[in-house]
Amino acid sequence: MDASGPFAGVRVLDLCDEKGALAGKLLAGLGADVVLVEPPAGSAMRSIPPFWKGAPHAERSIFFWFYAAGKRSIMLDRGTAAGAARLRRVALDADVVVTTDAPAGDDLRAVNPRLVVASITPFGRSGPYRDWKASDTVAQAMGGMLYVNGHADGSPLRSLGLQAYHQAGILAAVGIASALIARDVTGRGQDVDVSLQAAVAGALEHVPGFWHQARLVHRRQGTLHWTRYFRVGRCRDGWVMHCTLGDWTSLIEWMKADGMGADLDDSALEDIKTRQAAAERIFDALDAWAARYTVAELTEGAQLRRIPYAAVRPPEALLRDPHLAARGFFVPIEHPDLGLTVPYPGAPFRLTDAPWRVARPPRLGEHDGEL
Amino acid sequence: MRPLDGTRVLDFTWVVAGPVTTRILADLGADVIKVERRGSIDFGDRRGGLSGTLMRGKRSIVLNLDDPRALDIARRLAAISDVVVDNFSARVMTNLGLDYEALRKVKPDVICVRMSGFGLTGPDRDHVSYGPTLQALSGYTLLMAEPDGPPAGFGYSYSDLAGGNLGSLAVLAALWHRRRTGRGQLVDLSQLEAVASLVGPTLLARALDGATSIPTGNASQEAPGAPHGVYRCAGDDRWIAITIFTDEDWERFATAAGRPAWTHDARFATVAGRIRHAAELDRLVADWTRPRDAAETMRILQDAGVAAGVVADAEDLCARDPQLAARGHFVDVPTSEGRTVRIDGPPYVLSDTPAAVGAPGPLLGEHTDEVLSSLLGVSAEEIRMLRADGVVA
């Protein structure tokens with residue numbers, strides 16, 4: 001086991017605001033030395049709520065904590081000659097620059113030809129919209145994610161979490177890792193150009209494919225999944241995700257044992273294509289049956305029968321999930337200045353020979369003396 | 001050159017999440033050999049569209065893994081592969097004798113990526129899941145809703161795309177690790193943990209405040225600001241997303257909108273005021289957008305420096321968006337039958353060693369003969385017999 005992580009020894013200068021912050025967080029988790037370069041007033045992320053204890057404070061933004069965990073921080077004013085010179089010096093020893101300020105990356109590219117320079121911009125660095133602006137929600141809208149989420153008679157809905165920024169961060173990390181591998185062969189760094197819009201478009205499932213192959217425009221249809229094999233239903237004490245894939249025969253036998261499901265006891269429905277076509281009728285019958293159970297009774301009974309049911313839970317249920325606890329998904333991290341220990345979400349995947357690294361976020365300029 | 005030239009991936013994945021991981025590796029130049037069964041599910045045309053986008057650049061071989069001769073072929077291919085990846089539930093590869101402990105005996109530095117719903121350990125490791133059930137468990141379904149509204153959630157399996165993209169990062173990290181240490185390893189990717197890792201700061205906030213999360217519709221989850229939402233435009237189901245954070249954003253919006261009387265309302269003059277009166281502001285903005293064309297309004301607002309965009313449907317995205325077109329996001333790929341199919345390309349650009357779509361989706365078993373003969377030295381006569389016995393197809 002290599003305790004230092006796969007990217008140990010790789011130095012990353014992180015000049016990102018919230019749009020690109022996940023890239024550095026992922027690379028830090030994989031062992032890279034990620035140095036957040038902050039202006040004297042601190043990263044803009046430090047002013048984004050929520051705040052520990054409520055009041056705005058540069059060291060108490062929970063938003064900043066999430067995205068800066070595991071990074072180091074240096075403070076410099078890129079607007080001054082001294083600050084710009086210091087950044088260039090630091091870039092001489094760096095392997096990677098990741099930035100949401102693309103021109104700053106171009107300047108550093110000139111300093112060190114081995115640098116991998118990744119930029120995350122709303123629409124990418126070429127094309128007619130290259131200077132347009134986006135928020136996470138605008139990028140989700142223009143990338144095609146938003147239109148298919150929501151109820152048929154309601155507004156399109158953005159995701160939980162900043163998923164346009166997250167996809168861009170993942171793709172930037174993918175591009176950076178690829179560019180480092182290529183550098184071993186070529187000896188040269190290169191540019192990685194990530195567009196929020198394209199990152200969203202690249203994280204769609206059915207939307208572009210069915211346009212390409214059938215000129216089909218999929219719309220939003222509430223909780224009915226586009227495949228028509230999943231829909232949310234109501235139990236006695238909460239919501240549940242129904243699923244008509246899995247062991248259909250066991251599901252029908254279970255319903256029949258409860259004296260229900262007579263209208264689903266039809267051999268034609270053993271074929272999944274028939275179930276797809278009859279989705280509304282099936283889910284209405286499943287809803288009538290599910291109403292007699294609690295969510296826990298129904299999901300446990302379903303999993304015993306190899307039927308992929310799940311509770312529809314708030315995100316904080318993850319914090320109390322015994323399975324995640326057994327796997328140690330949340331990692332308690334001490335914030336010594338605040339006398340606080342906070343459970344941070346851990347690894348998105350586990351390299352068993354090189355563990356994920358979780359560490360607390362840095363204080364503003366905490367590592368100025370080290371670089 | 002491409003970054004993963006010379007890297008071979010033996011790909012047992014199916015449905016969506018695993019194929020997303022291996023398509024990124026194929027874009028980067030890896031030789032991805034997709035092991036399929038006869039009657040594998042697909043979404044129509046295997047060359048292009050959704051299936052082609054999932055399988056772009058891969059080779060397809062068909063093995064009947066119920067036959068020991070097919071398992072032997074799979075093991076021999078694993079012995080000459082850098083990466084072996086599957087997304088079965090945890091026990092399937094073990095039952096086939098293709099788990100990490102078995103594979104490292106034939107290839108000591110193999111990277112074995114297991115993408116299961118819940119991971120290889122823990123009390124729920126054998127639970128069955130799909131993207132929508134994982135989204136339900138991790139809060140997306142309940143919290144993607146109007147305030148006080150019933151759950152809506154994603155209309156598709158976002159978690160498969162997110163977990164798939166993260167899976168490709170895991171493979172690249174493991175390849176980098178192997179270059180430095182000479183060691184392969186087992187990668188345990190739980191799709192639940194992959195999506196849980198992307199919920200964001202909300203999870204930290206709930207750990208600290210113990211509160212119950214409530215849905216907030218399309219309100220900002222980044223810097224506070226209003227108006228921030230999605231507003232109906234003229235036409236059938238046409239909408240525009242508009243984001244205003246700062247007073248400068250608000251000024252630019254008011255100017256671009258022609259300064260209607262309500263933009264002068266003192267209650268809307270500050271960030272705090274706009275947030276306090278967000279519901280009323282949303283109604284006023286919606287009244288303003290309602291008779292307008294979404295695309296034209298987007299252009300007017302963007303020209304004024306306001307973050308705004310049409311809520312793109314499939315046609316907007318694939319046939320009308322000049323930005324994705326200019327960046328070559330969708331590519332036309334020739335097939336050996338003389339057709340041209342459209343496929344989504346890699347969603348990022350590497351300047352020096354670009355990722356690219358090397359081939360359309362493969363037909364089922366299209367490369368069985370070529371893989372068996374060129375990589376394993378199986379003779380044409382042997383292949384014919386294996387085919388006749390239903391071992392390969």
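A short reminder: the numbers here are calculations on the coordinates, not readings from a lab. Just so we're clear, the structure is a prediction, and the values are computed from it rather than from any experiment. FYI the Cβ positions are ideal-geometry reconstructions off the backbone, even for glycines, and counts take in every protein chain you see.
Side notes on the structure shown:
- For A:Tyr293, B:Tyr100, the sequence from fewest to most other C-beta atoms within 10 Å is A:Tyr293, B:Tyr100.
- Hits among lysines - C-alpha to C-alpha of B:Lys58 under 17 Å, sequence gap 8 or more where chains match: B:Lys34
- Modelled spin labels at A:Ala296 and A:Asp247, positioned 7 Å past Cα toward Cβ, are 2.3 nm from each other.
- Label point of B:Thr255 set 7 angstrom out along Cα-Cβ; within the range A:120-142, amide nitrogens under 19 Å from it belong to A:131-134.
- Between B:Asp72 and B:Asp265, full extension at 0.36 nm per residue minus the direct alpha carbon distance yields a gain of 61.9 nm.
- Length gained when the stretch A:Leu92-A:Arg188 is fully extended (0.36 nm per residue, less Cα-Cα span): 33.2 nm
- With one equal scatterer per alpha carbon and no solvent term, the Debye-computed log10 I(q)/I(0) for the range B:228-320 at 0.15, 0.21 1/Å reads -0.54, -1.02.
- Pairwise centroid distance, computed over Cα atoms, of the range A:38-117 with the range B:9-87, Å: 41
- Mean Cα-pair separation over length for the range A:230-312, i.e. relative contact order, pairs under 8 Å, 6 or more apart, %: 49
- Cut-off under 5 Å, modelled amide H: who pairs with B:Leu186 long-range: A:Thr352, A:Asp353, B:Cys112
- Full-extension gain in nm, B:Leu208 to B:Thr94, via 0.36 nm per residue minus C-alpha separation: 37.0 nm
- Test item: A:120-132 mean partner chain Cβ contacts at 10 Å: 5
- Contact order, relative form, for the range B:10-50: 45 percent (alpha carbon pairs under 8 Å, 6 or more residues apart, mean separation divided by residue count).
- Placing a label point 7 Å from the Cα of A:Lys273 along the Cα-to-Cβ direction, the residues of the range A:210-228 with a backbone N closer than 16 Å are A:228.
- Candidate lysines for bridging to A:Lys133, where Cα separation is under 28 Å - those fewer than 8 sequence places away on the same chain excluded: A:Lys19, A:Lys25, A:Lys71
- Counting beta carbons within 10 Å around each of B:Lys34, A:Lys256, A:Lys273 and listing the fewest first gives the order A:Lys273, A:Lys256, B:Lys34.
- Springs between Cα atoms under 10 Å define the GNM used for chain B, and in it the highest mean-square fluctuation of B:Arg59, B:Arg283, B:Arg342 occurs at B:Arg283.
- Order of A:Cys235, A:Cys16 - criterion: other Cβ atoms within 10 Å of each residue's Cβ, fewest first: A:Cys235, A:Cys16
- FRET efficiency, 1/(1 + (r/R0)^6) with R0 35 Å, evaluated for B:Ala272 and A:Ser126 via beta carbons: 0.35
- Residue with peak Gaussian network fluctuation, chain B [Cα springs, cutoff 10 Å], from B:Gly57, B:Gly155, B:Gly210: B:Gly210
- The separation of the range B:312-333 from the range B:167-216, counted between C-alpha centres, amounts to 30 Å.
- Mean separation of Cα pairs under 8 Å and 6 or more residues apart, divided by the residue count, gives the range A:1-94 a relative contact order of 28 percent.
- Cross-link partners of B:Lys105 among aspartates and glutamates (Cα-Cα below 15 Å; sequence separation of 8 or more within a chain): B:Asp72, B:Asp82
- Average beta-carbon neighbours from other chains, 10 Å sphere, peptide A:328-338: 1
- 3J(HN,Hα) from dihedral phi, the range B:182-193, Karplus parametrisation 6.51/-1.76/1.60, rounded to Hz, x for glycine, proline: x, 9, x, 5, 8, 10, 9, 9, 8, 4, 5, 5
- The range A:299-345 versus the range A:170-206: alpha-carbon centroid distance in Å: 31
- Based on DSSP H segments of at least four residues, each scored -39500 (n - 2.57), chain A has a per-residue ellipticity at 222 nm of -10000 deg cm²/dmol.
- Point-to-point label distance, A:Ala288-B:Glu101, nm (Cα→Cβ direction, 7 Å offset): 5.0
- Tilt relative to chain B, helix B:68-79 - C-alpha long axis, 0 to 90 degrees, to 10: 70
- The simple Förster model, with R0 at 56 Å and r as the Cβ-Cβ distance, assigns A:Asp77 and A:Asp266 a FRET efficiency of 0.20.
- Nearest-ten-degree value, helix A:81-92 long axis tilted from longest Cα axis of chain A: 70
- Neighbouring partner chain Cβ atoms per residue of B:230-243, average, 10 Å criterion: 4
- The modelled label-to-label distance between B:Val331 and B:Glu146, using points 7 Å beyond Cα along the C-beta direction, is 4.3 nm.
- Candidates B:Ala70, B:Ala257, B:Ala136, ranked by Gaussian network fluctuation over chain B, Cα under 10 Å, top entry: B:Ala257
- Three-way shape label, chain B, alpha-carbon gyration tensor, a/c 1.5: prolate
- Spin-label zone in the range B:56-99 - amide nitrogen under 16 Å from a point set 7 Å from the Cα of B:Glu382 along the C-beta vector: B:68-80
- Take the Cβ atoms of A:Arg215 and B:Asp109, set R0 to 51 Å, and the FRET efficiency comes out at 0.60.
- With the helix formula -39500 (n - 2.57) applied to DSSP H stretches of n ≥ 4, chain B reaches a computed 222 nm mean residue ellipticity of -11000 deg cm²/dmol.
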